[in-house]
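Read through the structure below, which is laid out as structure tokens, and then see the notes.
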Amino acid sequence: MNVIEVNQISKSFGSMKAVDGVSFGVAPGEIFGLLGPNGAGKTTTIRIILDIYKPDEGKVCVLGGEMSEGAKQRIGYLPEERGLYQDISLERCLLYLASLKGMPRTDARERLQEYLEQFDLAEHRKKKIKELSKGMQQKAQLIATLIHQPDLIIIDEPFTALDPVNTQMVKDIFRQERERGVTIVMCTHQMHQVEVLCDRTALINKGQLVLYGKLAEIRREYVSQAVIVSSPEALPADLPGVTAMEPQNGSTRLQLAECTSADQLLKALVTRGISLESFAVAAPSLEEIFIQIVNGEAE
């Protein structure tokens, strides 16, 4: 049974249809990427899942049923907009938010100490939230999301304002959470983070689901007629079936004609005695697929 089951949900605000017949499932213990350009309907979809908005049509099941107060206690939510109380201390703020999730104060204090040390915030515990940097506030928000050890985590732009060291730490934490069976839904514009972390992904554009599945399968579907070749010698300009050549990160990207396969090009290179260090079909990045789909939908 899926942890989240979204079935044909739609939501309008006046004449604007923010979500239009979206369906997808999120499996237990996976990191699921929910992607889309600005205004695509991602945040509305998340708010419907969390029962902040009611759908005009369709149905959502979370943690085995309709949203309830008990289910909410098992969910950690990190919105893109920070929801921290600015005029109280970091420690007091996080203990209060933990209490809202039903944590006993003793347990919350013990776990908070561990997180403050892990996130390098222990020496800032008495500072007011508004005195912290944006990166520190983002780490505090992550602690508030994780402290009650939820079964389902929904996070919107989790890496905002984080430096590379803290970004890596948060990625490691997400992987650890997945290993203990936690399900994570991640909304982000950072496509490279999705490629590194997510098991499956869904792309929403103009309120509709336009891409859904495992990243490897999606890449195969959108594979281009191009190969990346690395050779210690210059490649000849008259290779059969090659329509364009351009340098790419120390290698050469060869664009192939529709009637030419990668196998045929490899055979031609070997026949000519050209030394090869590497030869690979050019798999598109998720960002390239994202741009291709969104631009195509816009035309």
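The values are calculated or read from the model by the stated rules, or taken from the named source; none is laboratory data. Every value quoted in this text rests on a predicted model; they were computed, and no experiment measured them. So basically every Cβ, Gly included, is an ideal-geometry build from the backbone, and we count neighbours across all protein chains shown.
Every residue, every condition in (1) touching a residue at least 24 places away in the same chain (Cβ under 8 Å); (2) within 14 Å of the chain's Cα centre (by Cα); (3) surrounded by fewer than 16 Cβ atoms within 10 Å (Cβ to Cβ), yes or no:
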residue: Val182; (1), (2), (3): yes, no, no
residue: His192; (1), (2), (3): yes, yes, yes
residue: Ala226; (1), (2), (3): yes, no, no
residue: Glu233; (1), (2), (3): yes, no, yes
residue: Gly241; (1), (2), (3): yes, no, no
residue: Gly273; (1), (2), (3): no, no, yes
Select the helices (runs of 4 or more DSSP H) contained entirely in the stretch 132-198, then report the ones holding at least 2 residues which are more than 28 Å from Val294 (Cα to Cα).
134-146, 164-179
Would you please name the residue that is farthest from the chain's Cα centre (by Cα), looking only at residues in the stretch 48-76 that are part of a helix (DSSP H, G or I) and at pLDDT 95 or above?
Ile48
Residues of the stretch 189-230 being among the β-branched types (Val, Ile, Thr) and more than 28 Å from Ser261 (Cβ to Cβ), which ones?
Val194, Val196, Thr201, Ile204, Val210
For the stretch 275-299, what are the residues that are in contact (Cβ under 8 Å) with a residue 24 or more places away in the chain and among the polar types (S, T, N, Q)?
Ser275, Ser278, Ser285, Gln292
Testing Ala27 on (1) under 24 Å from Ile153 (Cβ atoms); (2) in contact (Cβ under 8 Å) with a residue 24 or more places away in the chain; (3) in contact with a strand residue (DSSP E or B) (Cβ under 7 Å, 6 or more places away or on another chain), one condition comes back false. Which one is that?
(3)
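For every residue, the table says whether it meets (1) closer than 30 Å to Asp156 by Cα; (2) at pLDDT 90 or above.
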{"position": "Glu195", "(1), (2)": "yes, no"}
{"position": "Arg220", "(1), (2)": "yes, no"}
{"position": "Leu239", "(1), (2)": "no, yes"}
{"position": "Gly250", "(1), (2)": "no, no"}
{"position": "Gly296", "(1), (2)": "yes, no"}
What is the one condition in (1) in a helix (DSSP H, G or I); (2) modelled with pLDDT under 85 that Lys267 does not satisfy?
(2)
Could you say which residue among Gly241, Gly213, Gly207 is in contact with a helix residue (DSSP H, G or I) (Cβ under 9 Å, 6 or more places away or on another chain) and under 19 Å from His192 (Cα atoms)?
Gly213
Would you call Asp199 closer than 26 Å to Thr45 by Cα and surrounded by fewer than 19 Cβ atoms within 10 Å (Cβ to Cβ)?
yes
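Here is a yes/no grid of residues against (1) under 25 Å from Glu30 (Cβ atoms); (2) modelled with pLDDT of 95 or more; (3) touching a Cys at 6+ places or on another chain (Cβ under 8 Å):
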site: Leu116; (1), (2), (3): no, yes, no
site: Lys126; (1), (2), (3): no, yes, no
site: Lys134; (1), (2), (3): no, no, no
site: Ile147; (1), (2), (3): yes, yes, no
site: Asp151; (1), (2), (3): yes, yes, no
site: Asp156; (1), (2), (3): yes, no, yes
Taking the residues in the stretch 1-24 that are in contact (Cβ under 8 Å) with a residue 40 or more places away in the chain and not in a strand (DSSP E or B) as candidates, determine which candidate is surrounded by the most Cβ atoms within 10 Å (Cβ to Cβ).
Val3
Would the stretch 132-150 turn up any residue that is surrounded by 17 or more Cβ atoms within 10 Å (Cβ to Cβ), more than 22 Å from Met103 (Cα to Cα), of a type in the set (Ser, Thr, Tyr) and out of contact with any Pro (no Cβ under 6 Å at 6 or more places or on another chain)?
no
